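Comments concern the structure below.
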Amino acid sequence: MKTMFAIFFSILLASCPNNSQENQKTMINSLYKGTLSADSQGKFKKENLVIKSERDWKTFLEKTEVANLIDNLIDFSKDMVVIAIDSEKSTGGFSIEISKIKEEKSKLLVTIESKEPKPLDMVTMALTQPIHIVKIPKTKKDIVFVTE
């Protein structure tokens with residue numbers, strides 16, 4: 001009988017959701033993930049941006065062609081935009097992703113993962129520049145970018 005209770009409670013504990021992972025997923029609202037168009041390439045170096053105002057957002061969109069690909073309107077009184085831009089690549093198959101956001105007492109840790117094609121992968125022979133744009137709730141905490 002004790003064994004049955006132990007198994008039951010083990011299953012019950014294992015099935016409980018991990019709220020911190022769930023919170024990270026709901027905190028990240030991906031607006032665009034892909035590559036910058038040929039017209040936008042070269043206008044950005046490898047960089048991470050935080051945009052907190054409508055004016056800065058419009059200035060960013062004027063430099064890119066992604067405005068046509070983003071449907072969401074952003075209310076900058078509630079939200080802000082975090083952008084990860086990789087360096088220009090000589091082929092396709094590269095990507096960049098804001099994969100995790102972890103809230104700490106005084107800062108927000110934004111984890112960025114870059115991926116590249118494997119040596120034998122078939123890739124397009126064109127200049128590409130990976131980018132990921134996400135919307136997150138506005139915060140006054142310092143934003144720290146972490147590369148994995």
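The values are calculated or read from the model by the stated rules, or taken from the named source; none is laboratory data. Because the structure is predicted, anything quoted here is derived from the model rather than measured. Heads up, the Cβs are rebuilt from the backbone with ideal geometry, glycines too, and the neighbour counts pull from every protein chain shown.
Quick look at the numbers
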{"item": "Meets criteria (small (Gly, Ala, Ser), free of Cβ contacts under 8 Å to residues at least 40 places away in the same chain and surrounded by fewer than 17 Cβ atoms within 10 Å (Cβ to Cβ)) for residue 90", "result": "yes"}
{"item": "Of all residues making up the range 116-142, the number that are within 16 Å of residue 29 (Cβ to Cβ) and assigned to a strand (DSSP E or B)", "result": "7"}
{"item": "One residue from 43, 25 being at pLDDT below 90, closer than 22 Å to residue 115 by Cα, among the charged types (D, E, K, R) and in a loop (DSSP other than H, G, I, E, B)", "result": "43"}
{"item": "Scan of the range 54-70 for residues that are modelled with pLDDT of 85 or more and surrounded by fewer than 12 Cβ atoms within 10 Å (Cβ to Cβ), ordered by number", "result": "55, 58, 59, 62"}
{"item": "Candidate set from the range 75-101 (those that are in contact with a Leu (Cβ under 8 Å, 6 or more places away or on another chain) and of a type in the set (Val, Ile, Thr)); member that is nearest to residue 137 (Cα to Cα)", "result": "81"}
{"item": "Qualifying residues in the range 94-115 (those that are in a loop (DSSP other than H, G, I, E, B) and in contact with a strand residue (DSSP E or B) (Cβ under 8 Å, 6 or more places away or on another chain)) - the one surrounded by the fewest Cβ atoms within 10 Å (Cβ to Cβ)", "result": "106"}
